[in-house]
Amino acid sequence: MVKVIASSIRKGNVIEVDDRLYSVISAESFFPGKGTPTTQIDGRRLSDGVKSTFRYRTTEQVEKAFVEEKDYSYLYPDDNGYIFMDQENYEQVTVPGDVIGDGVAYLQEGMIVKLGVFNGAAVTITLPQRVILEITETEPVTKGQTASSSYKPAILSNGVRTAIPPHVTAGTRVVINTEDGSYVERAKD
């Protein structure tokens with residue numbers, strides 16, 4: 001453990017509060033015109049997944065755990081979680097579904113992700129920013145519909161719903177942002 005000031009904590013860090021480890025979901029600093037600047041940290045307890053919020057003065061000391069980040073490739077799901085393989089030594093690691101969260105829908109076989117490992121257990125995951133998926137269902141194009149700001153609903157090959165421009169049809173491969181599930185562009189393949 002190392003002590004750092006609260007304002008330096010970022011999403012994906014692991015902190016210790018009252019002898020319990022928390023994975024940081026979000027960290028935001030507030031600088032009011034009057035009063036003390038504060039940092040609010042939302043975290044998920046690693047032992048049982050309970051979410052908590054902490055407030056610190058921006059310069060207050062926080063215990064930050066050292067988490068080793070390494071590249072792993074996704075292999076397959078099983079009954080205990082999701083299996084990833086270390087790119088260097090080919091060891092396999094099982095990651096529970098609650099660590100991955102909503103990102104499970106974007107996992108693809110062979111995908112390279114960054115796993116944060118603490119004491120031999122995966123505690124955080126960073127997916128690639130964008131993935132390519134196929135549109136399986138969408139509404140047909142309506143004549144006279146302008147392409148500028150109107151979007152139509154669509155279902156992707158992984159079952160996630162998103163909004164796409166009217167000119168995109170079913171069967172088209174598109175680039176999707178994994179953070180919020182939004183359409184980015186047509187795939188260039």
Subset of region 14-36, residues in a strand (DSSP E or B), of a type outside the set (S, T, Y) and modelled with pLDDT of 85 or more, comes to V14, I15, E16, V17, R20, L21, V24, A27, E28, F30
Among residues of region 110-127 being open to solvent by 40 Å² or more (accessible area, probe 1.4 Å) and of a type outside the set (S, T, Y), the residue farthest from D98 (Cα to Cα) is G110
Restricted to region 67-77 and to residues being touching a Lys or Arg at 6+ places or on another chain (Cβ under 8 Å) and closer than 25 Å to G181 by Cβ, the residue surrounded by the most Cβ atoms within 10 Å (Cβ to Cβ) is Y72
Filter region 148-174 for residues that are of a type in the set (S, T, N, Q) and free of Cβ contacts under 8 Å to residues at least 40 places away in the same chain; the one that is surrounded by the most Cβ atoms within 10 Å (Cβ to Cβ) is T162
Note to self: Here is a check on your reading of the model: is I100 among the β-branched types (V, I, T) and at pLDDT below 85?
What the structure shows: yes
Residue hits (region 37-66; part of a loop (DSSP other than H, G, I, E, B), of a type outside the set (G, A, S) and open to solvent by 30 Å² or more (accessible area, probe 1.4 Å)) are P37, L46, D48, V50, T59, E60, F66
Counted residues in region 78-104 being under 18 Å from the mean Cα position of the chain (by Cα) and either under 23 Å from V50 (Cα atoms) or open to solvent by 80 Å² or more (accessible area, probe 1.4 Å) (or both) come to 13
Residue count, region 13-36, condition over 16 Å from N119 (Cα atoms) and open to solvent by less than 50 Å² (accessible area, probe 1.4 Å), comes to 5
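The values are calculated or read from the model by the stated rules, or taken from the named source; none is laboratory data. Just so we're clear, the structure is a prediction, and the values are computed from it rather than from any experiment. Virtual Cβ from ideal backbone geometry, glycine too; neighbours counted across all protein chains shown. Remember, those area values only see protein heavy atoms, side chains included, never the ligands or the DNA or RNA. Shrake-Rupley method; radii C 1.70, N 1.55, O 1.52, S 1.80 Å.
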